[in-house]
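One structure below.
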Ligand code: MG
């Protein structure tokens, strides 16, 4: 009897939890005409190999092919990468470049082209990187017929997650990353919500809302360290002349 009662109670409690979880976000009646409509956004246009597309109307354009006015080097001085023909190109030994502005949760669009003809092997072939919050690297590498360790190939969360598939294009062709990133949350110096990232490489889903173990690094997986809610976006100088064009970002409302 007691057992039956306990089971029933458990079932009831579980149902209650499920019910409240399902109902919690539903403060609006179904099809409620008073419910605010989403803002209207011009979605822009997609890029082709020959020409970059246009960013959505509510995006911040970080690089439109003309200048590096939104970027600085490691010393906070104007970035010294080369700009020509609508793209920027890594200039070896000038260092990583960072945005002047800081970002947390975001949707980020980046296009890159690998050096052609390809030179070097493994990690020495077209290496660069997109560092979210200057801390979490989505690897940029020439991964077209170039073998390296799985968690270091193009679109890997470096040292943590290989992409689900290798969707790389050959050198010289423009490639896209579309990244959705949620920053880590901290309380009293400890992480309460790890960072999460989704990545589409050339339109193909390669990272599906993966939970980062902490900052990305070479040869180690360091733990999270509490920091600001927003930090600059960074592109890596790994010594290879990788090109970038059409970079834009949309800041996301937190908790969405
Ligand atoms: Mg890299």
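The values are calculated or read from the model by the stated rules, or taken from the named source; none is laboratory data. All of these numbers come straight from a predicted model, not from anything done at the bench. With ideal geometry, Cβ positions are generated from the backbone for all residues, glycine too; neighbour counts draw on all protein chains shown.
In table form, for the structure just shown:
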| quantity | calculated |
| --- | --- |
| Test: residue in the range 150-157 that is surrounded by fewer than 20 Cβ atoms within 10 Å (Cβ to Cβ) and within 21 Å of residue 105 (Cβ to Cβ) | no |
| Residues being surrounded by 18 or more Cβ atoms within 10 Å (Cβ to Cβ) and in contact (Cβ under 8 Å) with a residue 40 or more places away in the chain - total across the range 192-207 | 6 |
| Residue that is nearest to residue 208 (Cα to Cα) [pool: residues in the range 121-146 that are surrounded by fewer than 19 Cβ atoms within 10 Å (Cβ to Cβ), more than 13 Å from the ligand (Cβ to nearest atom) and over 14 Å from the mean Cα position of the chain (by Cα)] | 144 |
| So residue 189, is it on the phi > 0 side of the Ramachandran plot and touching a residue at least 24 places away in the same chain (Cβ under 8 Å) | yes |
| Any chance residue 181 is surrounded by fewer than 21 Cβ atoms within 10 Å (Cβ to Cβ), more than 20 Å from residue 239 (Cα to Cα) and in contact with a strand residue (DSSP E or B) (Cβ under 9 Å, 6 or more places away or on another chain) | no |
| Lone qualifier among 177, 161 - being within 16 Å of the ligand (Cβ to nearest atom), modelled with pLDDT of 95 or more and touching a helix residue (DSSP H, G or I) at 6+ places or on another chain (Cβ under 7 Å) | 161 |
| Of residues in the range 210-226 being in contact (Cβ under 8 Å) with a residue 60 or more places away in the chain and under 18 Å from the mean Cα position of the chain (by Cα), the one farthest from residue 195 (Cα to Cα) | 216 |
| Cβ-Cβ under 6 Å pairs, at least 6 apart or on other chains, the range 145-163 side on the phi > 0 side of the Ramachandran plot, far side in a loop (DSSP other than H, G, I, E, B) and away from the ligand (no atom under 13 Å from the Cβ) | 155/163 |
| Residue identified as away from the ligand (no atom under 16 Å from the Cβ) and in contact with a strand residue (DSSP E or B) (Cβ under 7 Å, 6 or more places away or on another chain) among 153, 193 | 193 |
| Residue ID - farthest from residue 64 (Cα to Cα), chosen from residues in the range 97-120 that are surrounded by fewer than 21 Cβ atoms within 10 Å (Cβ to Cβ) and within 15 Å of the ligand (Cβ to nearest atom) | 120 |
| Among the residues listed as 224, 244, the single one being surrounded by 14 or more Cβ atoms within 10 Å (Cβ to Cβ), at negative phi and in a loop (DSSP other than H, G, I, E, B) | 224 |
| Of residues in the range 227-241 being within 16 Å of the ligand (Cβ to nearest atom), assigned to a loop (DSSP other than H, G, I, E, B) and in contact with a strand residue (DSSP E or B) (Cβ under 7 Å, 6 or more places away or on another chain), the one nearest to residue 115 (Cα to Cα) | 241 |
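Yes or no, residue by residue, for (1) at pLDDT below 95; (2) under 19 Å from the mean Cα position of the chain (by Cα):
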residue: 20; (1), (2): yes, no
residue: 40; (1), (2): no, no
residue: 66; (1), (2): no, no
residue: 70; (1), (2): no, yes
residue: 75; (1), (2): no, no
residue: 82; (1), (2): no, no
residue: 102; (1), (2): no, yes
residue: 105; (1), (2): no, yes
